[in-house]
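The values are calculated or read from the model by the stated rules, or taken from the named source; none is laboratory data. These figures come from a predicted structure and were not determined experimentally. A quick note on method: Cβ atoms are made from the backbone with ideal geometry, for glycine too, and the neighbour counts reach across all protein chains shown.
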């Protein structure tokens, strides 16, 4: 099974030296979360106007913020239920800003425009199935098409100026793993019946 917790541990150790700087300046984890949203909006705008390398920088910084805010909160005992809630909501906004940007980019290409809707559905179902696992008390399995991973893939495809291939990859990948989550959910519910 794909285990993101191992990656989180390595990442937390790597960015730990920054936590002292953040604490010294009174930066809160929620501020890092919101800064990530600003970087997403900036990167999407740059992508629309054709500044691919500036967009890559913006997406990289957004990913950095997103992967650092939780680690910073845990390391400095600033974890709160409301902070986790806001982080999750901002993540959804970020994803839908990206999908909206892709919809705009491919508005004149019907096939890719359709794939954008398939991505939107896949992303929504990934979040929804995770919530349902929690609702029924099951541990939701991770997979390589979750929020951070989709963002990293986007960076790679933007570098090669092939967001069209990102779209198709994410559309297929998210739906495959939604189906796998559904199968696993039925297996878990049968075992716990």
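Points worth noting:
- Residue within the stretch 98-107 that is within 13 Å of the chain's Cα centre (by Cα) and either closer than 18 Å to residue 161 by Cβ or part of a helix (DSSP H, G or I) (or both) present: yes
- Screening 44, 37, 65 for residues that are surrounded by 15 or more Cβ atoms within 10 Å (Cβ to Cβ), modelled with pLDDT of 90 or more, out of contact with any strand residue (DSSP E or B) (no Cβ under 6 Å at 6 or more places or on another chain) and within 23 Å of residue 143 (Cβ to Cβ) leaves exactly one candidate, 65.
- Residue check for residue 9: closer than 23 Å to residue 149 by Cα, part of a helix (DSSP H, G or I), modelled with pLDDT of 90 or more and more than 17 Å from the chain's Cα centre (by Cα): no
- For the stretch 110-158, the candidate set comprises residues that are without any contact (Cβ under 8 Å) to a residue 12 or more places away in the chain and assigned to a loop (DSSP other than H, G, I, E, B); within that set, the residue that is surrounded by the most Cβ atoms within 10 Å (Cβ to Cβ) is 139.
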